[in-house]
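S.K.: I'd like to ask you about the structure that follows.
Just so you know, all these numbers are worked out from the coordinates, no wet-lab data involved. Note that this is a predicted model, so its numbers are computed, not measured. Ideal geometry is used to build each Cβ from the backbone, glycine not excepted, and the neighbour counts take in all protein chains shown.
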Amino acid sequence: MIQRQHVVNDFFAEAEAMRSAYDLKVKDPYRQTVSWQYFCAPQMYTYLRTVPQQVIPEPLFARFMQHMKQWCIEHVGLLPMGVPNLHLMVNGCTLGLHSDFQNGTLGYVYSLTRWQTRKFAGGETLLLRDGIPSYKKHHVQGESLYELVPAQFNQLLLFDDRIVHGTQTIEGSMDPLEGRIAFVGHLRPTSPVVKGALDAAAARRVILDLQRDLAGQLKDREDCKDVQGTVTFRLEVGASGQVESVTVLIDHLVTAAAGYAASAPVDEVRRIVQQGIAALKFPDGAGKSTVTAAVLVPLPDLRPIEIAVPHAGRAAMLREVLRAQLKELEAQGFQIEQAGDEFLMREPLAGTIRIEATRIVAAFDPPMWVPSQREHFQANLRDSLGMLARAGG
């Protein structure tokens, strides 16, 4: 089970190929064609970034993302949200202290930095420790307040996105071959992932009923109101629909006062959640299945996401445009298929997009995301559907 943070060494078998592709792309300053964004917020952030496909061949990067997705579902029950940024940090670059709870459940840093032979100081990921230093302590400094995680080559670092974190200022070379090079992104819960004999839609309904039941149980519990965080779990379900085993993948339940330290309110919420999970009953199936799902505490809005946008174009043409747009998501490992007039999406959220005669209709399962994440998804979805409608004339 993963809680606050986790490091995976030797993460991707083709890391050397990705680093070689990067080196080849940037080593000749007269032929470099990478479009870097110089991201500078004075006294906070200074670094260069681009999309990985600018320097990594598409097929190679697609294999990385597929490996990343499969590893994340299996080990943490979460999915990458879109494509990560590729960060390049050279002399003077820094990431000031911040938190990313609006971006994801876990943040990740995948390093292509030649850390053992680096020619710079700094570059470690700084993770602030839990707790408030006591005024009674005579002297508190350095790593009693934070932890420094080196960006070792081919290392995946995962950490709770609520943790205040940053990157130590780089002091050294300006050469892009000698900088700190890393993919940076975020993971979030997906709709329940079902493998085996169970009908996926029926299994998702069972999990949604669990989430609604937990929301009701926790709503009026004053002793639990300060508990927050995400629990993901994998269920082994027998042919009878009974849960045979439960594996907790991540447990991020905390209180603001105690952090990850032992806490009676956290223990009580954990008991309620685990009791609800163990009592689940799925429909009978033709064989065994696994279900991977998440619970966010406090429980978020459990209404489905539903958006309808009018259009005046030809439905057939709009379907072709939408199919081309969704191909880009498929290349990143998302699961999408067409069924008649509908496009079915299973990841990162289960839902449908349907082109009707006069409108485009999208409907998605309620996500286990904090409100700002849901609002951002809805706004982007509405904008995307609006652009699609205008493309149809």
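S.K.: If each residue's Cβ is checked for other Cβ atoms within 10 Å, how do Met81, Met89, Met1 rank with the fewest at the top?
M.R.: Listing Met81, Met89, Met1 from fewest to most nearby Cβ atoms yields Met1, Met81, Met89.
S.K.: Okay, moving on. Dividing the convex hull volume of the alpha carbon atoms of region 247-393 by its residue count, what do you get in Å³ per residue?
M.R.: Dividing the Cα hull volume of region 247-393 by its residue count gives 151 Å³.
S.K.: Okay, moving on. Based only on other Cβ atoms within 10 Å, what is the fewest-to-most ordering of Thr33, Thr125, Thr50?
M.R.: Arranged by neighbour count, lowest to highest, Thr33, Thr125, Thr50 become Thr33, Thr50, Thr125.
S.K.: Distances longer than 14 Å among the Cα atoms of region 261-300: what percent of all pairs is that?
M.R.: 62
S.K.: In which sequence would His6, His311 go, from the one with the fewest C-beta neighbours within 10 Å to the one with the most?
M.R.: Sorted ascending by nearby Cβ count, the order is His6, His311.
S.K.: Per residue and in Å³, how big is the convex hull formed by the alpha-carbon atoms of region 1-92?
M.R.: 142
S.K.: Helix by helix through the chain, keep the DSSP H runs that span 27 Å or more along the axis on Cα and average at least -1.0 on Kyte-Doolittle, and give those back in order.
M.R.: What comes out of the filter, once short or polar helices are dropped, is 200-219, 371-391.
S.K.: Considering the alpha-carbon set of region 305-391 alone, what are its Rg and its Dmax in angstrom?
M.R.: Calculated on Cα positions, Rg and Dmax stand at 12.5, 37 Å.
S.K.: Taking just the alpha carbons, could you work out the radius of gyration and Dmax for region 5-189, both in angstroms?
M.R.: Every Cα atom of region 5-189 included, Rg and Dmax give 16.7, 59 Å.
S.K.: Another question, then. Would you please give the FRET efficiency between Asp383 and Phe39, computed as 1/(1 + (r/R0)^6) with r the Cβ-Cβ distance and R0 = 35 Å, to the nearest 0.05?
M.R.: In this case the efficiency is close to 0.95.
S.K.: Please identify every one of the trypsin sites (Lys or Arg not before Pro) in region 22-82 that sits in a loop by DSSP and has no more than 10 other beta carbons within 10 Å of its own beta carbon.
M.R.: The qualifying sites are Arg31.
S.K.: Sticking with this one: Project the alpha carbons of the chain onto their principal axes and report the range along each, largest first, in whole Å.
M.R.: So the three principal-axis extents are 61, 60, 38 Å.
S.K.: Could you count how many Lys pairs in the chain have their Cα atoms under 27 Å apart, skipping same-chain pairs fewer than 8 positions apart?
M.R.: Number of lysine pairs found: 11.
S.K.: Can you tell me the convex hull volume per residue for region 39-92, based on C-alpha atoms, in Å³ to the nearest whole number?
M.R.: Enclosed volume per residue, from the Cα hull, is 108 Å³.
S.K.: Please compute one quarter of the surface area of the Cα convex hull for region 173-277 and express it in square nanometres.
M.R.: Seen from a random direction, the Cα hull of region 173-277 projects 10.8 nm² on average.
S.K.: Provide the FRET efficiency to the nearest 0.05 for the Asp226-Asp284 pair, computing r from the beta carbons and using R0 = 30 Å.
M.R.: Efficiency at R0 = 30 Å is approximately 0.15.
S.K.: Tally Lys and Arg at +1 and Asp and Glu at -1 over the other residues with C-beta under 12 Å from the C-beta of Ala279: what net charge comes out?
M.R.: -1
S.K.: Express in whole angstrom the spacing between the alpha-carbon centres of region 180-255 and region 67-129.
M.R.: Centre-to-centre distance over Cα atoms comes out at 25 Å.
S.K.: Sticking with this structure for a sec: Gain in length, Arg314 to Gln3, computed as 0.36 nm per residue apart minus the alpha-carbon separation, to one decimal in nm?
M.R.: 107.0 nm
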